[in-house]
Amino acid sequence: MSDTGLPARRSAIYLLDQIIGEGKLLPELIGAGVLDRLEPADRARAQRLATETLRGMERADRILQKHLQKYPPLTVRNALRVGTVELCAGEAAHGVVNSMVGIVSRHKRYGHLKGLVNAVLRKVADKGPEQWPALRTPRLPKWLRGPLVEAWGGETVLAMEAVQFAGAPLDLSCKADVDAVAQATGGTALPTGSVRLADAGQVSALPGYTAGDWWVQDAAAAMPARVLDAQPGEAVLDLCAAPGGKTLQLAASGADVTAVDISEGRMERVRQNLIRTALKAETLVSDAFDVTGQYDAILLDAPCSATGTIRRHPDLPFAKDGSEFGALIEMQARMIDHAVSLLKPGGRMVFCTCSLLPDEGEVQAEEALVRHPSLTVDRAALDRPGIDPGWITEEGGLRLRPDHWADRGGMDGFYLICLRKTG
Ligand SMILES: C[S@@+](CC[C@H](N)C(=O)[O-])C[C@H]1O[C@@H](n2cnc3c(N)ncnc32)[C@H](O)[C@@H]1O
């Protein structure tokens with residue numbers, strides 16, 4: 001890793017420019033290789049800096065606005081934001097200020113603003129660290145906060161924002177023995193069967209990674225496959241499978257799993273995960289709408305707004321504005337309809353989304369029940385260890401939110417429901 005931190009800081013600023021200015025998502029940028037030229041330690045630091053800056057952006061902007069008469073161009077503003085977040089986290093002032101001045105001074109168009117960066121960050125270094133903790137918890141942008149307050153109420157949204165600001169622990173799903181994985185990794189077994197690590201460090205260095213004893217999967221994301229409860233020998237379809245956390249759970253149950261995803265690149269990650277864990281599933285790169293056949297059980301983890309994953313993906317509220325959500329909601333309904341046609345009589349399907357918006361959860365389920373009189377809600381499927389009865393919804397689904405288990409570090413937002421095809 002570079003001693004000066006300069007490459008990581010420059011890259012963090014670039015990531016923020018792309019996310020805020022161009023609407024790109026962080027995983028998209030990483031996948032496109034924008035950090036590939038950095039050494040691994042600098043790559044990790046750049047990602048961490050960008051992520052922490054996005055989480056603390058509102059506080060950074062409040063501190064900065066005291067020292068700015070007008071907003072500088074986005075790149076310079078992002079340099080100030082990263083610098084402010086670092087300074088307020090206790091990073092040594094000379095390193096942060098010198099790096100940011102150095103980065104801006106070499107900028108083709110904004111080099112002349114290096115004096116501003118120097119002056120502002122020196123003031124932030126002086127007072128910022130004591131101002132930071134007194135500022136309110138950063139809020140979600142209005143386009144998302146409005147619908148969430150309408151759905152869950154203001155207090156719940158504040159509680160979700162507190163969990164999102166705190167970031168996420170690392171959860172593992174285990175191939176077999178949960179207690180053995182908890183002991184080996186120093187984690188805690190959660191009531192629903194996942195293992196939680198507060199400070200994981202490098203994932204591939206954890207005991208059991210190479211042996212494939214576990215895979216990374218948020219405790220909430222592990223619930224749909226638990227509720228589907230695939231049995232050995234059943235024909236199970238995982239309709240939107242990549243990167244494969246749920247495929248691995250289904251395969252570990254001994255079911256005969258077919259994993260489908262439209263993306264070849266993402267499906268390659270499913271294959272790699274199956275190899276590492278020595279689990280078996282057939283992988284099929286295909287549009288879900290082209291899949292045929294009849295299955296005992298189907299997991300439909302439909303593409304969605306991903307608004308339930310913001311504590312791990314704080315880039316989302318900055319890159320998106322909600323304008324794509326209508327098309328996603330419409331596609332989810334069509335995917336449910338197609339999945340129903342692939343279910344054997346008596347078969348069951350879990351529909352789920354990692355969304356906090358009822359339109360992608362509760363409403364979607366209620367409308368599917370109206371469109372398909374052959375479907376009934378399998379409420380008994382939710383009779384699983386660790387499920388709080390308060391999480392069960394009126395129509396018989398499961399609503400998981402970031403503020404659930406807040407004292408344990410929260411969980412991703414998810415909705416799921418188990419639907420059974422009668423006759
Ligand atoms: C929410 S992610 C699935 C996560 C996955 N179930 C897991 O647990 O790791 C949604 C997936 O749907 C895939 N997808 C989107 N449209 C699709 C389509 N028309 N047919 C099949 N897969 C699709 C995306 O490539 C993406 O991998």
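Before moving on, here are some points about what is shown:
- The chain - mean residue ellipticity at 222 nm from DSSP helices (-39,500 (n - 2.57) per run, n ≥ 4, rounded to 500): -13000 deg cm²/dmol
- The chain: angle of helix 154-166 to the longest principal axis, Cα-based, in degrees nearest 10: 70 degrees
- Dipole magnitude of the chain about its Cα centre (Cβ charges: Lys, Arg +1; Asp, Glu -1), debye to nearest 20: 1920 debye
- Listed pairs Lys70/Lys114; Lys123/Lys320; Lys24/Lys123; Lys127/Lys320; Lys70/Lys127 exceeding 23 Å between Cα atoms: Lys123/Lys320; Lys24/Lys123; Lys127/Lys320
- This model, with +1 at the C-beta of Lys and Arg and -1 at the C-beta of Asp and Glu, gives region 359-423 a dipole about its Cα centre of some 320 debye.
- Cβ charges +1 (Lys, Arg) and -1 (Asp, Glu), total dipole of region 241-297, debye: 360 debye
- Among Ser286, Ser323, Ser173, sorting on how many other beta-carbon atoms sit within 10 Å of each Cβ, with the fewest leading, yields Ser323, Ser286, Ser173.
- The chain pair-distance distribution - Cα-Cα, 20 Å bins, rounded %: 25, 54, 20, 1
- Antiparallel bridges, percent of DSSP beta bridges restricted to region 220-421 (to nearest 5): 45 percent
- Taking other C-beta atoms within 10 Å as the exposure proxy, Ser374, Ser99, Ser341, Ser253 rank Ser341, Ser374, Ser253, Ser99 from fewest upward.
- Secondary structure note: in the chain, about 55% of the DSSP beta bridges are antiparallel.
- Highest mean first, the peptides 34-42, 156-164 sorted by other C-beta atoms within 10 Å per residue fall in the order 156-164, 34-42.
- Environment charge at Gly397 (Cβ cut-off 10 Å; Lys +1, Arg +1, Asp -1, Glu -1): -2
- Note on region 6-134: dipole from Cβ charges, positive end direction compared against Leu38, Val97, Leu6; the farthest Cα belongs to Val97.
- Whole-Å semi-axes of the ellipsoid equivalent to region 6-134 (Cα gyration tensor, √5λ, descending): 22, 16, 14
- In terms of its C-alpha gyration tensor, region 15-59 has an oblate overall shape, because the principal axis ratio a/c (a ≥ b ≥ c, square roots of the eigenvalues) is not below 1.5 and a/b does not outweigh b/c.
- Proxy reagent accessibility, fewest Cβ within 10 Å first, across Thr84, Thr292, Thr51: Thr292, Thr51, Thr84
Rule-based calculations on the coordinates, nothing more; no lab input. Every value quoted in this text rests on a predicted model; they were computed, and no experiment measured them. A quick note on method: Cβ atoms are made from the backbone with ideal geometry, for glycine too, and the neighbour counts reach across all protein chains shown.
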